[in-house]
Amino acid sequence: MNLPNKLTILRVILIPIFLLVLFLTPSPMNRYIAVVIFVIASLTDFLDGYLARKWNLVSNFGKFMDPLADKLLVMAALVAMVELGDLPSWVVIIILAREFAITGFRTLAMEANIVMAASWWGKVKTTIQMVMIIVVLLGLPFAFMGAVEMILVALAVFFTVLSGVDYIVKNKQVLKG
């Protein structure tokens, strides 16, 4: 169990802690503490991949768990935000649909022994989703924040769809098998 894999496991462990704090801590502290936990978990996402590549510690466990941990973290936050009234459910449905579709697509590729490289658009998508989650959860009381939040939600949806389409178009050979 190397350090990048331990960071991935830490991210998974932080998910229920994030949710417990968000729903069981008095408002408004719940949001601030939850955002700190979410930021720490998000940073482990970037750090584990960087360290795994830098130290040549890429493992099958990491290849499987890292993207799963990312999806679990983002999905838990998005579903919680629907419950809190911070996001419309259609936003979460679009993001969930993309994640399920691409996961299914990756499964088909694995069965056909096709290696699908991670897309730059996918990294942009994840980053924008994480920034959007942080900003919306904080709910800062500035007049312009409503517009900033709407723009971030729109960008998150846009890059979610774009990265999904890009992934399928670049790997369309998977559909031919």
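Derivation of every value follows stated rules applied to the coordinates shown; laboratory data play no part. Please read these numbers as outputs of a predicted model, since none were measured by experiment. Neighbour counts run over all protein chains shown; Cβ positions are idealised from the backbone, glycine included.
With each pseudo-label sitting 7 Å past Cα toward Cβ, what's the LEU47-ALA97 distance in nm, one decimal?
3.7
What's the magnitude of the charge dipole for the chain around its Cα centre, counting Lys and Arg as +1 and Asp and Glu as -1 at the beta-carbon? Answer in Debye, nearest 20.
Numbers: 14 positive and 10 negative charges, 111 e Å.
The dipole magnitude comes to about 540 debye.
With axes computed from alpha carbons, what is the tilt in degrees of helix 120-138 against the longest principal axis of the chain, rounded to the nearest 10 within 0 to 90?
The two axes meet at around 20 degrees.
Using R₀ = 25 Å, calculate the FRET efficiency as 1/(1 + (r/R₀)^6) where r is the Cβ-Cβ separation of LEU57 and LEU108; round to 0.05.
Working: r = 28 Å, r/R0 = 1.12.
Taking R0 as 25 Å, the efficiency between LEU57 and LEU108 is 0.35.
Please arrange PHE105, PHE18, PHE144 by how many other C-beta atoms lie within 10 Å of their C-beta, fewest to most.
By the 10 Å Cβ count, ascending, the order reads PHE144, PHE105, PHE18.
Working from Cα positions, state the angle (0 to 90°, nearest 10) between the long axis of helix 3-24 and the longest principal axis of the chain.
So the inclination is approximately 30 degrees.
What does the extension gain come out to for PHE144 and VAL165, with contour length at 0.36 nm per residue minus their alpha carbon separation? Please report the intermediate quantities before stating the final value.
Values: separation 21, 0.36 × 21 = 7.56 nm, distance 3.19 nm.
Roughly 4.4 nm would be gained on extension.
Note down the net charge around VAL136, summing +1 for each Lys or Arg and -1 for each Asp or Glu among other residues with Cβ under 14 Å from its Cβ.
Values: positive: ARG31; negative: GLU83, ASP86, GLU149.
My count for the surroundings of VAL136 gives -2.
Quick check: net charge around PHE46, other residues with Cβ under 13 Å of its Cβ, Lys/Arg +1 and Asp/Glu -1?
Numbers: positive: ARG11, ARG53, LYS54, LYS123; negative: ASP45, ASP48, ASP66, ASP70.
So the surrounding residues net to 0.
With 18 Å as the limit, write out which pairs from LYS123/LYS172; LYS63/LYS123; LYS125/LYS176 have Cα-Cα distances beyond it, or answer none.
Values: LYS123/LYS172 20 Å; LYS63/LYS123 15 Å; LYS125/LYS176 27 Å.
Cα-Cα > 18 Å for LYS123/LYS172; LYS125/LYS176; rest within.
So if each residue of separation counts as 0.36 nm, and I subtract the Cα-Cα distance between VAL124 and VAL39, what length gain in nm does that give? Display every interim value, and only then the final one.
Working: separation 85, 0.36 × 85 = 30.60 nm, distance 1.64 nm.
The span from VAL124 to VAL39 would gain 29.0 nm if fully extended.
Helix 60-83: angle to the longest alpha-carbon principal axis of the chain, degrees 0 to 90, nearest 10?
Helix 60-83 sits roughly 30 degrees off the main axis of the chain.
To make sure I understand, if each residue's beta carbon is the centre and we count other beta carbons within 10 Å, what order do ASP48, ASP70, ASP166 fall in, fewest to most?
Details: ASP48 26, ASP70 23, ASP166 16.
Fewest to most other Cβ atoms nearby, the residues stand as ASP166, ASP70, ASP48.
At a Förster radius of 30 Å, what calculated FRET efficiency corresponds to the Cβ-Cβ distance of PHE158 and LEU24, to the nearest 0.05? It would help to have the intermediate numbers written out before the result.
Values: r = 34 Å, r/R0 = 1.12.
Efficiency computed from Cβ-Cβ geometry: 0.35.
Cut-off 10 angstrom, C-alpha nodes, Gaussian network model of the chain. Which of MET81, MET132, MET145 fluctuates the most?
Judging by the Gaussian network model, the answer is MET145.
Once each part is reduced to its C-alpha centroid, what is the distance from region 1-71 to region 109-136 in angstrom?
15
Please identify, among ARG53, ARG106, ARG11, the residue showing maximal mean-square fluctuation in a Gaussian network model of the chain using a 10 angstrom Cα cutoff.
ARG53
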